[in-house]
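*Asks:* Here it is, the structure in full.
The values are calculated or read from the model by the stated rules, or taken from the named source; none is laboratory data. No experiment lies behind these values; they were computed from the predicted model shown. Methodologically, a virtual Cβ is constructed for each residue, glycine included, from the backbone with ideal geometry; neighbour enumeration extends over all protein chains shown. The area values use the complete protein model at the heavy-atom level, side chains included, leaving out ligands, DNA and RNA. Shrake-Rupley method; radii C 1.70, N 1.55, O 1.52, S 1.80 Å.
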Amino acid sequence: MYNFPYMRTFLIIIVILFASYAQAQEKPIIDILLPLERMTNEYDIISTRQIEKSTTFAIGNINRLDTYLSQEEYNGTEFRFISDLYKIRLDIWDLNFTHEGAIDYTHNRVDNANTLAGHYDFAFSMLKAIEHRNKYSFHAGFMTDLYTGFAYNMRNTANNPAQGYASLSIGGAIKAHYDLLIRHKILKINYEARLPFVGIMFSPAYGQSYYELFNNGNYDNNIVVTSIAIPQYRHQLSIDYPINNQTYIRIGYLGDYRQSKPNELKQHTYTNSFLIGFVLRK
């Protein structure tokens, strides 16, 4: 049997020697200690500080309904740009910032009317590591989402041709990843989701024009409370393929399902998209 007190002393001396060597080589101490940690632990705990930046483009189908503009559903194509910054800080809450812009062009069932629409979305999340290892991780926490946009129906040239959107919500968020080894390449499988719980949004009343709302000041319950009773959900599944130690190519799927019923108006956008882009981890 090993004499554990002497073994502990021996390990302390080894750590000190490695630290001295790391300082001499001007390398981070974590780079020297990680191999020793891998020898003594079944699972590897990764560095407590990481930054992940991703830039992706998405294209896919969108189904749009806004009964303020039309009673019909519109279908078409959406183009979306997403910029994401994720700061992993294991000792405290992780921070996730997402900027997103999109534009879509849709048509009705008989293809005699079209709608041009766009939006900007900013989401901020605070996530806590439930489990965080080299091979896999799971983070959960809270998010807030600010959404603004517009829709212009090219057929309604005389009566309410345009609609503006603005909403603010808070809810829950999760992120997870798993490393898959295939032919000496580590592919990172990622999943993330956001679910609003409660919020507020702007909406005109049915038949209320923007002229009477803003010029005449005729307020008619135009700030509406939203809740999970009419659920909304955004999720993304992606795979990152390594180009080098820090850069990855990302491909995946994005589903974004937004719906509401303010002032008895029905609104929804259901989007299913293919995404591709780059990820930088450091």
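*Asks:* Take the range 243-257 and flag every residue that is in contact (Cβ under 8 Å) with a residue 24 or more places away in the chain and under 17 Å from Ile59 (Cα atoms).
*Replies:* Within the range 243-257, Ile249, Arg250, Ile251, Gly252, Leu254, Tyr257 meet the criteria.
*Asks:* I'd like the full set of residues that are over 17 Å from the mean Cα position of the chain (by Cα) and outside any strand (DSSP E or B), limited to the range 54-97.
*Replies:* If the condition is that a residue be over 17 Å from the mean Cα position of the chain (by Cα) and outside any strand (DSSP E or B), then Thr67, Tyr68, Leu69, Ser70, Gln71, Glu72, Glu73, Leu90, Asp91, Ile92 are the ones that fit.
*Asks:* Sticking with this one: Restricting to the range 151-181, what's the tally of residues that are modelled with pLDDT under 90 and of a type in the set (Val, Ile, Thr)?
*Replies:* Result for the range 151-181: 1.
*Asks:* Another question about this same structure. If Tyr210 passes every condition in (1) closer than 28 Å to Leu69 by Cα; (2) surrounded by 15 or more Cβ atoms within 10 Å (Cβ to Cβ); (3) of a type in the set (Phe, Trp, Tyr) but one, which one does it miss?
*Replies:* Of everything listed in (1) closer than 28 Å to Leu69 by Cα; (2) surrounded by 15 or more Cβ atoms within 10 Å (Cβ to Cβ); (3) of a type in the set (Phe, Trp, Tyr), Tyr210 misses just condition (2).
*Asks:* Could you list all residues from the range 213-253 that are surrounded by 15 or more Cβ atoms within 10 Å (Cβ to Cβ) and part of a helix (DSSP H, G or I)?
*Replies:* Result: Leu213, single match.
*Asks:* Do you know which residues across the range 254-272 are open to solvent by 20 Å² or more (accessible area, probe 1.4 Å) and either in a helix (DSSP H, G or I) or touching a helix residue (DSSP H, G or I) at 6+ places or on another chain (Cβ under 8 Å) (or both)?
*Replies:* Asn263, Glu264
*Asks:* What number of residues within the range 63-74 satisfy the criterion of being at pLDDT 95 or above and open to solvent by 60 Å² or more (accessible area, probe 1.4 Å)?
*Replies:* The number of residues fulfilling the criteria is 1.
*Asks:* Follow-up question, since we're still on this one. Can you name every residue in the range 98-127 that is outside any strand (DSSP E or B), among the aliphatic types (A, V, I, L, M) and surrounded by 15 or more Cβ atoms within 10 Å (Cβ to Cβ)?
*Replies:* Answer for the range 98-127, where residues must be outside any strand (DSSP E or B), among the aliphatic types (A, V, I, L, M) and surrounded by 15 or more Cβ atoms within 10 Å (Cβ to Cβ): just Ala113.
*Asks:* If you don't mind, another one. Considering the range 87-101 alone, what residues qualify as being closer than 30 Å to Tyr152 by Cβ and in contact (Cβ under 8 Å) with a residue 40 or more places away in the chain?
*Replies:* Of everything in the range 87-101, nothing turns out to be closer than 30 Å to Tyr152 by Cβ and in contact (Cβ under 8 Å) with a residue 40 or more places away in the chain.
*Asks:* While we're on this one: Would you mind telling me which numbered condition in (1) farther than 23 Å from Ile276 by Cβ; (2) open to solvent by 10 Å² or more (accessible area, probe 1.4 Å) Leu85 fails?
*Replies:* It fails just one condition, (1).
*Asks:* I've got another one for you. List the pairs whose first member sits in the range 57-69 and is at negative phi, whose second member is of a type in the set (A, V, I, L, M) and open to solvent by 20 Å² or more (accessible area, probe 1.4 Å), and whose Cβ atoms are under 7 Å apart, counting only residues at least 6 apart or on separate chains?
*Replies:* Listed pairs, sorted by first residue: Phe57/Ile276.
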